[in-house]
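Q: This is the structure, below, for whatever I ask next.
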Amino acid sequence: MYARIVEAFGNAILAPDGAIVRPRLAAAAFPDRIGELNAIVHPAVLAFEDDWMREVGEKEPDAVAICEAALLIEAGGLSRFDRLIVVTCTLEQKFERFATRSGMSAQEAHKVVEERMAAQMPEPEKVKLASYVVDNSGSKEDTEGQVRAIWQELELAARAR
């Protein structure tokens, strides 16, 4: 996968040590070439997840395996899972949080988040497909409580299988 990404997007996405610099790759891919990047990445990610989940299931049949993927539905992976958890927050929080994580200005972050959101299924549609929705717009404690409740329910369901 690494070689295919570098071949498609060029050496400008690489650090001096040869590692892919994710912000550079994102800048090269968004918005016009994201489909090309996804076509390279998604099959490899889905295969890795399948192998990992099979391995976990063999070792611990009652395990709960959770995969985090922003484009799970768009990559065709929804049918591979028993449940879907969608995490939401306000649009303004998405902008602010990305700006904080990336070190970008609010204006730059706003543009990048909008580009990335345009490549995803709209959140209201994801929420309709969700088994659980975590509202991450409140306090950390509130979000942790929601996650704990979901985790307990998933563990009970796994043991009941």
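Values in this text are rule-based calculations from the coordinates and carry no lab data. Just so it is clear, the structure is predicted and the values come from calculations on it, not from any experiment. Cβ placement follows ideal geometry from the backbone for every residue including glycine, while neighbour counts extend to all protein chains displayed.
Q: Quick check on the stretch 1-48: take the gyration tensor over C-alpha atoms, sort the square-rooted eigenvalues as a ≥ b ≥ c, and tell me if it's rounded (a/c under 1.5), prolate or oblate.
A: Numbers: a/c = 2.03, a/b = 1.26, b/c = 1.61.
Judged from the Cα gyration tensor, the stretch 1-48 comes out oblate (a/c at least 1.5, b/c at or above a/b).
Q: Shifting gears a bit: As I understand it, the dipole of the chain uses +1 on the Cβ of Lys and Arg and -1 on the Cβ of Asp and Glu, about the Cα centre. Which of 8, 90, 137 lies farthest toward its positive end?
A: Ranked along the dipole, the leading option is 8.
Q: Tell me the label-point distance for the pair residue 89, residue 155, using the 7 Å Cα-to-Cβ offset, in nm and rounded to one decimal.
A: 2.6
Q: Something else: For residue 128 paired with residue 81, estimate the spin-label separation in nm (one decimal), with each label point 7 Å from Cα along the Cα-to-Cβ line.
A: Each label point lies 7 Å from its Cα, and together they span 1.9 nm.
Q: May I have the extent of the alpha carbons of the chain along their three principal axes, as whole Å values ordered from largest to smallest?
A: Principal-axis extents of the chain (Cα, largest first): 51, 36, 29 Å.
Q: Rounded, prolate or oblate for the stretch 82-149? Axes are the square roots of the Cα gyration tensor eigenvalues, ordered a ≥ b ≥ c, and the cut-off for rounded is a/c under 1.5.
A: Details: a/c = 2.99, a/b = 1.41, b/c = 2.12.
Taking the square roots of the gyration eigenvalues as a ≥ b ≥ c, the stretch 82-149 is oblate.
Q: Please give the FRET efficiency for residue 17 paired with residue 53, using the beta carbon to beta carbon distance and R0 = 35 Å, rounded to the nearest 0.05.
A: Working: r = 32 Å, r/R0 = 0.90.
For R0 = 35 Å, the calculated efficiency reads 0.65.
Q: Now for a different question. For helix 34-59, what angle does its Cα long axis make with the longest principal axis of the chain, in degrees from 0 to 90 and rounded to 10?
A: 30
Q: Work out the length of the dipole vector of the chain about its Cα centre, built from +1 on the beta-carbon of each Lys and Arg and -1 on the beta-carbon of each Asp and Glu, and round it to the nearest 20 debye. Before the final figure, lay out the partial values.
A: Details: 19 positive and 27 negative charges, 37 e Å.
The calculation lands at about 180 debye.
Q: Looking at the square roots a ≥ b ≥ c of the eigenvalues of the Cα gyration tensor of the stretch 120-159, which shape do they give, rounded for a/c under 1.5, prolate if a/b is larger than b/c, or oblate?
A: Details: a/c = 3.92, a/b = 1.23, b/c = 3.19.
Cα axes put the stretch 120-159 in the oblate bin.
Q: On to the next question. Could you tell me the distance between the Cα centroids of the stretch 10-42 and the stretch 86-161, to the nearest Å?
A: Each part's Cα centre sits 24 Å from the other's.
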